[in-house]
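Asker: If you scroll down you'll find the structure; I have some questions about it.
The values are calculated or read from the model by the stated rules, or taken from the named source; none is laboratory data. Please read these numbers as outputs of a predicted model, since none were measured by experiment. Reconstructed Cβ throughout: ideal geometry from the backbone, glycine too, with neighbour counts over all protein chains shown. In case anyone asks, the SASA skips ligands and DNA or RNA and just uses the protein heavy atoms, side chains included. Shrake-Rupley method; radii C 1.70, N 1.55, O 1.52, S 1.80 Å.
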Amino acid sequence: MRFLLLCLFCFQCSTCLAAVPQIEVGASNNLPPDHPSILLMEKAYQQLGYQMKLVVMPLERSAYESNKGQLLDAELSRTEEAAAMLPNMLRVKVPIGQIRITAFCRTRAIKINNWQDLSAWRVDVLRGIYLAKTNMQGQSYTEVNHIPQAIQRLLSGRTDIAVLLGDETEWLLQQDLALPIYSIQPDLAKTEIFHYVHQRHAALVPQLEATLRQLTAQAQR
């Protein structure tokens, strides 16, 4: 009898878990698991009755798959300017944080004050950083698929400067403090980031906006 009750309980629990709808969200594979934008969106979806499943992949592929809308339902965070590159996505118009676009090099001697200063150097750019594409039009650069690849190219001397996501790169560098890679200040750009949802989930946008406003207000108290 106890065995039957246990089986029934397990079945009911699994049924409840299966009933929770899941949202597949694409994100950069260089984000720490406790990144504020991840925690915020997990909480927002939870309040709406969804389980957020984070799917990590290279930055540009994540945008491609999110916009395609078959493998992914949403994109964790992108700038407002990225909307032009994501025609099938809808921006949730409540910022969920900020992004820093930062130049990195293997010497503290290099000084970069703006995007134009990069033209004097061999530059790598993380594929999928749309702000870099916009601001570096006419300049020569090499695209790399992920941050560790950019770090290795800097260390080997194959490039002079890598334009990367500031927070994510610094987090990776902290895992190995012996690496002689340094950020160049000031940042090339610092701007707000937003969550994007595929248009087939358009009904979620106003709900997410209301929930994010509530969560943001609670955090500021």
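Asker: Answer yes or no as to whether Glu24 is open to solvent by 20 Å² or more (accessible area, probe 1.4 Å), outside any strand (DSSP E or B) and closer than 19 Å to Leu90 by Cα.
Answerer: Against the criterion (open to solvent by 20 Å² or more (accessible area, probe 1.4 Å), outside any strand (DSSP E or B) and closer than 19 Å to Leu90 by Cα), Glu24 does not qualify.
Asker: I've got another one for you. Among the residues in region 146-154, are any of a type in the set (D, E, K, R), open to solvent by 30 Å² or more (accessible area, probe 1.4 Å) and assigned to a strand (DSSP E or B)?
Answerer: No, region 146-154 contains no residue that is of a type in the set (D, E, K, R), open to solvent by 30 Å² or more (accessible area, probe 1.4 Å) and assigned to a strand (DSSP E or B).
Asker: Just a yes or no: is a residue in region 169-178 of a type outside the set (Gly, Ala, Ser), within 17 Å of the chain's Cα centre (by Cα) and at pLDDT 95 or above?
Answerer: No: zero hits.
Asker: Please go through region 27-58 and give me each residue that is assigned to a helix (DSSP H, G or I) and open to solvent by less than 20 Å² (accessible area, probe 1.4 Å), ordered by number.
Answerer: Ser37, Ile38, Met41, Ala44, Tyr45
Asker: Of a type outside the set (Asp, Glu), at negative phi and in contact (Cβ under 8 Å) with a residue 12 or more places away in the chain: does that describe Leu177?
Answerer: No, not satisfied.
Asker: Let me ask something additional. Please go through region 42-63 and pick out each residue that is of a type outside the set (S, T, N, Q) and modelled with pLDDT under 95.
Answerer: Listed by number, the residues that qualify are Val56, Met57, Pro58, Leu59, Glu60, Arg61, Ala63.
Asker: Further question: If only one of Thr142, Thr211 is closer than 17 Å to Leu76 by Cβ and among the β-branched types (Val, Ile, Thr), which one is it?
Answerer: Thr211
Asker: Let me ask another. Residue check: is His201 open to solvent by less than 20 Å² (accessible area, probe 1.4 Å) and within 30 Å of Tyr45 (Cβ to Cβ)?
Answerer: When the stated conditions are applied, His201 does not pass them.
Asker: Given the criterion within 13 Å of the chain's Cα centre (by Cα) and within 20 Å of Ala162 (Cβ to Cβ), identify the matching residue among Arg100, Arg122.
Answerer: Arg100
Asker: Please indicate, with yes or no, whether at least one residue in region 177-192 is in a helix (DSSP H, G or I) and out of contact with any His (no Cβ under 6 Å at 6 or more places or on another chain).
Answerer: No, because not a single residue in region 177-192 is in a helix (DSSP H, G or I) and out of contact with any His (no Cβ under 6 Å at 6 or more places or on another chain).
Asker: Still on this structure, I have one more. Give the residue that is nearest to Asn145 (Cα to Cα), with candidates limited to residues of region 72-124 that are touching a helix residue (DSSP H, G or I) at 6+ places or on another chain (Cβ under 9 Å) and among the aromatic types (Phe, Trp, Tyr).
Answerer: Once the filter is applied, the top-ranked residue is Phe104.
Asker: With the checklist (1) part of a helix (DSSP H, G or I); (2) out of contact with any strand residue (DSSP E or B) (no Cβ under 7 Å at 6 or more places or on another chain) in hand, flag the one item Ala63 doesn't pass.
Answerer: (2)
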